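Bear in mind these aren't lab numbers, they're just calculated from the coordinates by the rules spelled out. Since the model is a prediction, treat every value here as computed from it, not as a measurement. Cβ atoms come from the backbone with ideal geometry, glycine included; neighbour counts cover every protein chain shown.
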Amino acid sequence: MEEKDDKPRRFEEKNLPWFYRLILKVPGTDFLESAGGIFWGILIPIFLIGEFFLSLYLLMTFPFPVNIILTFIIPAVTFTFFVKVSLRRFINWWNATFGESGFKWDVEKAVEEYVNLLKRRKGKYE
């Protein structure tokens, strides 16, 4: 019987399901992925308020079948951008938290270097 490796692994884009890979290919959201609080505190509320007024305008301006289609496209695109930014941020967080560290922690070597530094400083002041 095979034992599964229960350790958390890095997320690789090629290992994700096709739906997530498709969402990650949406262009035009690269600047939003690192926006942090600006994204949630400023851009999303402004965009949602603007989307509300644009939807009202589209509903009143265009005839029946076109206005409904245009009004439904805006939230769908907004949701797609939101999902892509959230997914990319989650993958970056996961890889930073649970992925392999880029640092090699050699504590014994660091302690030896620190002790040698302290000995040199102590000898310098005596």
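Ranked by the mean number of other Cβ atoms within 10 Å per residue, highest first, peptides 85-96, 51-62, 10-21 order as 85-96, 51-62, 10-21. Around the amide H of Phe62, modelled in the peptide plane, lies no amide H under 5 Å away from a residue 5 or more places distant or on another chain. Close amide-amide hydrogen proximity is noted between Phe11 and Asn95, each under 5 Å apart and 5 or more residues distant or on a separate chain (H modeled in the peptide plane; Pro and chain starts excluded).
For segment 56-126, the convex hull drawn through the C-alpha positions has a volume of 139 cubic angstrom per residue.
Give the Debye-formula value of log10 I(q)/I(0) at each listed q (0.18, 0.19 Å⁻¹), with one equal scatterer per alpha carbon of segment 14-100, two decimals each. After summing over all Cα pairs, the log10 values are -0.88, -0.93. For segment 47-126, the residue among Val77, Gly123, Thr61 whose Cα projects farthest onto the positive side of the dipole built from Cβ charges is Gly123.
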